[in-house]
Amino acid sequence: MARFECKAGGRVRTGRELRVLSVYEGFFSGGARIVHSDIVLGLTEGGQHHRVLSLYGEVHREATRQRMTDDTCYRALTAAGVGVTSLGRTFRGTGDSADFTGPELAETARATAGADVVLSLKEQPLGLLNQAGLPRRPVVVCLHRSDPENQGAALDELKAAIADGTVVACVCCAESTRDAYRAAGIPAELLHVIPNGVDLFRFRPDAARRLALRTELGIDQAAPVVVFAARYDAMKNVPLLLAAARAWLGRVPDGQVLMCGAGMTAANPGLTADIATAFRGAPALADRGLRLLGVRRDMETLYAASDVVALTSAWGEAAPLCLIEGMMCGAVPVATDVGDSAAIVAGHGLVTAPDPEEIAAAWSRAAAARTDLAPALAASRERFSRTRMIASYAALLDRAAAGAVRPALPDPL
């Protein structure tokens, strides 16, 4: 039986019976979906009732067809008893209509009517949630980037939802996210920072996983290995990563670079063209040291088998999940200075300029320092805890449902 308590003159569900609807743009490869799905799982474990509505049932991007029912996050959510439905749309990258049909709006109305609070994964779903006639529910928007002006009409949708009182809070996964959205005109009192966290039991140094993955791929146990976990997107600056890989492989005869994520396969003509350009005149280096692994469901194993986790992004990042997951598995992070990367890496790895020779040299230094940096990485584990992240979300959702979200504290003078 549900329990209730009086709040502000009304009857409001307590946290344990809170009904929450998350709205996703779609299920496709990316750190934001991984983090949010893990939050939903953690809050469900804590007793809240969660459902997910996805605008798209199938997404074609990063040269990859990504069906909702094939997605790892979808499978984890449904296995845990979280109901996941879709409006059934297919996203092909161009020509997608912003108009919603009567049946789509009816499905959305049914989903929102059954919720006490709505979580919007990033601001893109607000195009749907801002439609007239839907049941009014407090909306908390989860922001995972540091380039709001580069999100098309989504920023305008966010401002409209704030103006009409629909959005009661925004969760920023990084300080850089809060700073960027505040500069873009989002009221500072709505911006709450809850840093990303990961499952520390899953993401940990593991000698058995390290041995198994290296054996599977035929990599010598002593060989230095760099992992690059990213989708094939311009913001990830894949050409820079490949230029650094050529420089590094040219000076490290037994080095290996593992590339995984959506579009990181030989079936992606964009990636193969990038590789041909980066390794022009030295194709044997790519054949010998570059591994294209595509989307993997065992990232904890890839990170544990690696010595360095690389990030070469040019813009848009906030708190890159690959850096956190890789660090927690014992890989030393080497990142460009984008979003909160420098703060995450501080004391645990290296920050570089976007220069391939500098990056290659940093990979070698990081690989050599892996053993020495292990104590610092181990000491930072609690800072990146999933438990801390989920508790913070639970507290904010309770306040949002009760109509008692407190404004974020101002920065100290």
Paired Rg and Dmax values of segment 104-248, which use every Cα atom, in angstrom
20.9, 62
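Could you calculate, for segment 253-299, the ratio of the Cα radius of gyration to the Kirkwood radius, expressed as Rg to Rh? Working shown, then result.
Details: Rg = 11.1 Å, Rh = 11.2 Å.
Value, to two decimals: 0.99.
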Carbon and sulfur atoms: what percent of the 1.4 Å accessible area of segment 207-384 do they account for?
58 percent
Would you mind getting the accessible area per residue of segment 207-384, heavy atoms of the protein chains only, 1.4 Å probe, in Å²?
37 Å²
Compactness ratio of the chain: Cα Rg over 2.2 N^0.38 Å, N = residue count?
1.00
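When only Cα pairs under 8 Å and 6 or more residues apart are kept, what is the percent relative contact order across the chain?
Reported relative contact order: 16 percent.
Find the percent of Cα-Cα distances in segment 100-166 that exceed 14 Å, and round it to a whole number. If you can, show how the numbers build up before the last one.
Numbers: 1251 of 2211 pairs.
Within segment 100-166, distances greater than 14 Å cover 57 percent of Cα pairs.
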With Cα springs under 10 Å, the Gaussian network model of the chain assigns the largest mean-square fluctuation among Asn196, Asn237, Asn150 to Asn150
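Can you compute the helix-only [θ] at 222 nm over the chain? Use -39500 (n - 2.57) per DSSP H run of at least 4 residues, normalise by all residues, nearest 500 deg cm²/dmol.
On the way: 16 runs with 158 residues, N = 413.
Dividing the helical sum by the residues of the chain leaves -11000 deg cm²/dmol.
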Under the Karplus relation with 6.51, -1.76 and 1.60 and θ = phi - 60°, whole-Hz ³J(HN,Hα) for segment 142-148, x at Gly and Pro, equal 9, 9, 10, 9, 10, 9, x
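Kirkwood hydrodynamic radius, computed over distinct alpha-carbon pairs, for segment 226-367: how many Å, to one decimal?
Computed over Cα pairs of segment 226-367, the Kirkwood hydrodynamic radius comes out at 14.7 Å.
The values are calculated or read from the model by the stated rules, or taken from the named source; none is laboratory data. Here the structure is a predicted model, which is why all the values come from computation and not from measurement. Accessible surface areas use protein heavy atoms only, side chains included; no ligands, DNA or RNA. Shrake-Rupley method; radii C 1.70, N 1.55, O 1.52, S 1.80 Å.
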